[in-house]
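Just below is one structure, and these are the notes that go with it.
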Amino acid sequence: MLFAVIKRQLILLITLFCLLPTQVYAANNIKGVRIWPAPDSTRVVFDLSNKPEFSYFSLSKPDRLVIDFANSHLSVVLNDVLNGDNRIKKLRTSQSTKKGTTRLVLELAKNYQLSIFPLAPAGTYGDRLVIDIYDKSESHTTTASVNIPSKRDIVIAIVAGHGGEDPGSIGARGTYEKRVTLSIAKKLEALIDRQPGLKAVMIRKGDYYVNHDRKTELARKSKADLLISIHADAFTSSKPSGASVLVQSTRRANSEFTRWIANRQKESELLGGAGETIKKTKDKNLAITLADMKKEYTMASSYAFAEHVIRQLKRVTKMHKSRPEGLSLAVLKSSDIPSVLIETGFISNHQEERNLTSSAHQKKLAKAIYTAVDNFFSENPPDGTLYAGTQLKKHRVRSGESLSVIAKRYNVSLNHLKQKNNIKSNVIKIGQTLIIPRAE
């Protein structure tokens, strides 16, 4: 009997001893810290070996954020991770009263709005804990200088897809989508800002992440007339190729519309010019009618602009889709700003990956998108803009005239004249009416 008891105790001790290494191994490893400063926020990302168990609290005088990671250990040196960020003065460890807990303290420059949440493994990343630190002051918000007088600029919000810890798709040669999209976006910005009557607003100016709701919010605060989101497609195979232009699907639009109407007092500013009327009216049916008209106008404008983009992209690259595609995408959800998402090519296709990293090809893509912007707003100028106050000239072709002669007469380039009139060859007919683009 005594032998049996001793045997059971021995087995129990051996079992507990064998479990100890497993428990140590299972401790969550904090293996990396990445900090991504942006104009009005900073994102801190903790890379972890497992899903985080965490708690946090804030302290003031001085301002600090304290995070406790349960059952964890730190494997990264904190001294060199700040990278010159002006919102976080110091990132350090501290003692926790709970055994096995790693306590990290962010010493902050002042009181900020904080958002803390875990992220599941995705792409090249494993489990993460994300801390977004937002400025409370609106003084750092990117805005466009849109004048109230009669001839204001048309504002184009440009979204470079992905950014920061979100690389987007990665090509076989190691090309990050986030870098391609930012490079094309900057080239497009330069072309738009060079054109009188147009003004570009970059939603992302550097290598940092902007969430989808924030993109729309920044575009709206900039009084954007159009939102263009630039991406590069990818697939599991390297075979697909070509560019595409996406617009908001009807299903997503109706879903957003329903949500907005249900909360119209709070979110009436999302409904554009009719917002104040919708907010003040006590007639629910009238409010729904006005909002529905705004939604339909925005969707129609998005589709019309998408067709302009496709016509221009066809000149410089292969198209994967020859017509605008309707998809449910968060960046296209705004019911008051015409919005398109442009897939500039497949980064997963070896040839297109090379093209997308070529500065010359990026310039062609940017020029095609810019030409679509110019053409679209030349035909559909918003009231009170410089474009609306500047009528485009028209020329009726006479005997003996050629495209080059007409281009020289009006001091415009031959290519610009052909693009404006969607002419692919140099052949024109007597009596044909040409639209003369603005001088470059």
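Over the stretch 392-436, the pair-distance histogram of Cα-Cα distances with 5 Å bins from zero comes to 5, 24, 41, 26, 4 percent, rounded to whole numbers.
If you look at the Cα atoms of the stretch 294-416, you get an Rg and a Dmax of 17.5, 53 Å.
When peptides 342-349, 426-433, 194-201 are ranked by their average number of other Cβ atoms within 10 Å per residue, the highest-first order is 342-349, 194-201, 426-433.
Across every pair of non-identical alpha carbons in the stretch 28-139, the mean reciprocal distance, once inverted, gives a Kirkwood radius of 14.4 Å. Working ranking of peptides 63-75, 36-48, 107-119 by packing, defined as the average number of other Cβ atoms within 10 Å per residue, highest first, is 36-48, 63-75, 107-119.
Checking every one of the trypsin sites (Lys or Arg not before Pro) in the stretch 323-428 against DSSP loop status and a limit of 14 other Cβ atoms within 10 Å picks out ARG398, LYS424.
Values in this text are rule-based calculations from the coordinates and carry no lab data. All of these numbers come straight from a predicted model, not from anything done at the bench. Cβ: placed from backbone, ideal geometry, glycine included. Neighbour counts: every protein chain shown.
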